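Everything below concerns the one structure shown next.
Every read-out reported here was derived from the displayed coordinates using simple, explicitly stated rules and does not represent laboratory data. Computed from a predicted structure; not experimentally measured. Note that each Cβ is placed from the backbone with ideal geometry, even for glycine, and that neighbours are counted across all protein chains shown.
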Amino acid sequence: MSTMTRTPELHPAANLPTRVSLADTLSQTMTMAWRAMLKMRRNFEQFFDVTLQPLLFTAMFAVIFGGAVSGDVSSYLPILIPGLIAQTVMTACVATGVQLREDMDKGVFDRFRVLPISRIAPLAGPMVADTLRYAIAATLTFATGIAMGYRPGGGVVGLTGAIVLAVFTGWSLAWVFTWFGTVGKSAQIVQGYSLMVMFPLTFLSNAFVPASTLPDWLQTFVKLNPVSHVVSAVRSLANEGTITAEVGWSVLALAIVVAIFAPLSVRSFKRKI
């Protein structure tokens with residue numbers, strides 16, 4: 001009597017690739033970015049912090065601090081507007097980490113475990129979509145300042161360069177808050193961590209007052225604060241239309257931030273899911 005041998009059937013997942021190419025990673029990241037864009041379109045509340053905040057903060061800060069810092073509002077606007085752009089972009093970055101933590105708590109990323117996709121795509125995709133929010137925030141801040149009498153000497157080219165730098169700043173710093181989102185135990189804790197980082201970096205900088213008016217010990221921190229370099233770079237682009245050394249130092253510092261916190265975020269994210 002002969003026996004029939006039967007070859008076991010492999011599960012379809014067994015034929016899936018174990019590594020994802022760079023081209024596939026980019027494609028998957030853009031797919032995740034499109035998914036995030038669709039969520040934004042259906043939940044317009046996600047744009048409130050980058051639409052209402054620039055209007056309110058520009059008006060309030062200009063009226064409150066304009067006379068005390070520069071003697072009048074119009075003289076204060078060239079100092080204030082670039083500083084507010086840095087603060088507004090960083091505030092928008094906080095929402096990135098909080099939203100990530102909420103999605104992880106809801107199990108949104110559970111389905112990605114069994115999919116042959118790059119582990120960085122679910123993180124980088126929403127961050128690419130968030131660049132739209134940063135661009136809106138920077139543009140509205142400039143528009144509000146111009147409506148109040150701000151006249152940027154850099155012209156259209158300078159303003160465009162300042163907005164591009166602001167968007168790159170937001171995307172780079174979002175990796176820090178994304179890491180917070182992967183290590184925090186809840187959205188509330190992530191928001192608390194983020195605010196403790198954001199407020200000192202923005203207010204203890206040259207964003208709202210000249211560093212020369214601060215105590216000597218605080219001036220040292222302000223000069224080392226990377227936000228101060230970003231603010232100075234945005235000012236040089238918007239107010240003068242020049243690319244100074246501050247622009248180069250800002251880009252270098254932001255690149256270092258991405259090099260550190262992007263791998264940390266991916267590693268922590270892989271452990272969580």
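Among residues of segment 146-166 being surrounded by 20 or more Cβ atoms within 10 Å (Cβ to Cβ) and within 18 Å of the chain's Cα centre (by Cα), the one that is farthest from residue 74 (Cα to Cα) is 165. Residues to consider are 270, 185, 223; find the one that is part of a helix (DSSP H, G or I), closer than 24 Å to residue 105 by Cα and among the basic types (Lys, Arg). Answer to the selection: 270. Residue count for segment 105-142 satisfying the condition of being in contact (Cβ under 8 Å) with a residue 40 or more places away in the chain and in a helix (DSSP H, G or I): 25. Against the list (1) part of a helix (DSSP H, G or I); (2) surrounded by 21 or more Cβ atoms within 10 Å (Cβ to Cβ); (3) not β-branched (Val, Ile, Thr), the condition residue 198 fails is (2). For residue 180, state whether it is of a type in the set (A, V, I, L, M, F, W, C) and either touching a Gly at 6+ places or on another chain (Cβ under 9 Å) or free of Cβ contacts under 8 Å to residues at least 60 places away in the same chain (or both). Yes: the conditions hold for residue 180. Mind checking which pairs have a first residue in segment 231-254 that is touching a residue at least 60 places away in the same chain (Cβ under 8 Å) and a second that is surrounded by 17 or more Cβ atoms within 10 Å (Cβ to Cβ) and among the aromatic types (Phe, Trp, Tyr), Cβ under 7 Å, 6 or more apart or different chains? Sorted first by the residue in segment 231-254, then by its partner, the pairs are 254/168.
Cβ separations smaller than 8 Å between residues 6+ apart or across chains give the following pairs from segment 80-92 residues that are within 17 Å of residue 128 (Cα to Cα) to residues that are assigned to a helix (DSSP H, G or I) and among the basic types (Lys, Arg): 92/133.
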